[in-house]
1. Can you tell me which condition Arg136 does not meet? The list is (1) within 30 Å of Leu174 (Cα to Cα); (2) open to solvent by 70 Å² or more (accessible area, probe 1.4 Å); (3) in a helix (DSSP H, G or I), and all the others hold.
2. State whether the residues of region 182-198 include one that is under 19 Å from the mean Cα position of the chain (by Cα), modelled with pLDDT under 95, surrounded by fewer than 18 Cβ atoms within 10 Å (Cβ to Cβ) and closer than 27 Å to Leu47 by Cα.
3. Going by the conditions given, is Arg33 under 19 Å from Arg92 (Cα atoms), touching a residue at least 12 places away in the same chain (Cβ under 8 Å) and open to solvent by 80 Å² or more (accessible area, probe 1.4 Å)?
4. If only one of Leu27, Leu68 is touching a Ser or Thr at 6+ places or on another chain (Cβ under 7 Å) and in contact (Cβ under 8 Å) with a residue 40 or more places away in the chain, which one is it?
5. Are any of the residues in region 152-174 over 23 Å from Arg104 (Cα atoms), open to solvent by 50 Å² or more (accessible area, probe 1.4 Å) and out of contact with any helix residue (DSSP H, G or I) (no Cβ under 7 Å at 6 or more places or on another chain)?
6. Give me the pairs: first residue in region 154-176 and farther than 21 Å from Asp101 by Cβ and among the small types (Gly, Ala, Ser), second residue open to solvent by less than 60 Å² (accessible area, probe 1.4 Å) and part of a helix (DSSP H, G or I), beta-carbon distance under 6 Å, and six or more apart or on different chains, which are they?
7. Whether any residue in region 139-146 is surrounded by fewer than 20 Cβ atoms within 10 Å (Cβ to Cβ), touching a residue at least 40 places away in the same chain (Cβ under 8 Å), among the aliphatic types (A, V, I, L, M) and in a helix (DSSP H, G or I) is what I want to check.
8. Which of (1) surrounded by 14 or more Cβ atoms within 10 Å (Cβ to Cβ); (2) in contact (Cβ under 8 Å) with a residue 60 or more places away in the chain; (3) among the small types (Gly, Ala, Ser); (4) within 27 Å of Asp190 (Cα to Cα) is the odd one out, the single condition Ala124 does not satisfy?
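The values are calculated or read from the model by the stated rules, or taken from the named source; none is laboratory data. Predicted model only: the values in this text are computed from it and were never measured. A quick note on method: Cβ atoms are made from the backbone with ideal geometry, for glycine too, and the neighbour counts reach across all protein chains shown. These area figures cover heavy atoms from the full protein model, side chains too; ligands, DNA and RNA do not enter into them. Shrake-Rupley method; radii C 1.70, N 1.55, O 1.52, S 1.80 Å.
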Amino acid sequence: FRVLGPLEASDGDRPLNLGGTKQRATLGYLLLRANRVVPTSQLLDALWPVDDAPTSARKILQNAVWGLRRALTPSQGGATPASLVTQPPGYRLTVDPDAIDLYRFQAKVEKGRETLAAGTPDAAAKLLGDALELWRGPALADLAEAGIAWPELSAVQNARLDAMEDYFEAELALGRHQTVLAELETMVEDTASLRERSCGQLMLALYRSGRQADALSVYISGDVGPRAF
């Protein structure tokens, strides 16, 4: 299952037909809470804006679940990628976390941070770089394009930014400021809200690259606290 970008699922080499927007959104929401029971009321709130659910909302959800169960049925001789069961007060998607790119990302980031804290930035940069390569665009990009705006998606996007800053930290510790300079500039320019850590990292990379005036400009515009160069 791939959620770090457009939603995709496959059974081995066979892509799964995930149906329409509501069915895909149901799967996407369950994947964000894999191996946990998700109450029906929570799913309904995720699928429709507040006070905008049709009278047939529960039936639509039931049909989506039925469609997903069919889609998740393994091909002949194949392994079941996941099972979707009814479990009061809602539904539970049981799946190996390693089968979901989001959870592989989280595991690699956690290991990368531990490695960085242990004083081995080279190994940490490799782990964090591998984690970031799992991303193919914004999380559940196709659903976001269709109007889905779950708070959970913002949390996942912020986790990506945090991991990028950890990766930059490892690269800067290795003296690779030229390697990450362009990425840092893009991140600081594209991020809607000011992130003091990445601004500080950009300032350091600019200073080490001989661009002291640009580093000072970042310091002034970002109100970044002082750090050692």
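1. (3) is the only condition that Arg136 fails.
2. Yes; the residues of region 182-198 include at least one that is under 19 Å from the mean Cα position of the chain (by Cα), modelled with pLDDT under 95, surrounded by fewer than 18 Cβ atoms within 10 Å (Cβ to Cβ) and closer than 27 Å to Leu47 by Cα.
3. Working: under 19 Å from Arg92 (Cα atoms): yes; touching a residue at least 12 places away in the same chain (Cβ under 8 Å): yes; open to solvent by 80 Å² or more (accessible area, probe 1.4 Å): no.
It is false that Arg33 is under 19 Å from Arg92 (Cα atoms), touching a residue at least 12 places away in the same chain (Cβ under 8 Å) and open to solvent by 80 Å² or more (accessible area, probe 1.4 Å).
4. Values: Leu27 fails: touching a Ser or Thr at 6+ places or on another chain (Cβ under 7 Å).
Result of the check over Leu27, Leu68: Leu68.
5. Filtering region 152-174 for residues over 23 Å from Arg104 (Cα atoms) gives 172-174.
Now restrict to residues that are open to solvent by 50 Å² or more (accessible area, probe 1.4 Å): 173-174.
Of the ones still in play, those that are also out of contact with any helix residue (DSSP H, G or I) (no Cβ under 7 Å at 6 or more places or on another chain) are none.
No, region 152-174 has no match at all.
6. Ala170/Leu116; Ala170/Pro121; Ala170/Ala124; Ala170/Ala125; Ala173/Pro121
7. Within region 139-146, the subset surrounded by fewer than 20 Cβ atoms within 10 Å (Cβ to Cβ) is 141-142, 144-146.
So of that shortlist, the ones also touching a residue at least 40 places away in the same chain (Cβ under 8 Å) come out as 141-142, 146.
Imposing the further condition that a residue be among the aliphatic types (A, V, I, L, M) reduces the set to 141, 146.
With in a helix (DSSP H, G or I) added as a condition, the list becomes 141.
Yes, some residue in region 139-146 is surrounded by fewer than 20 Cβ atoms within 10 Å (Cβ to Cβ), touching a residue at least 40 places away in the same chain (Cβ under 8 Å), among the aliphatic types (A, V, I, L, M) and in a helix (DSSP H, G or I).
8. (2)
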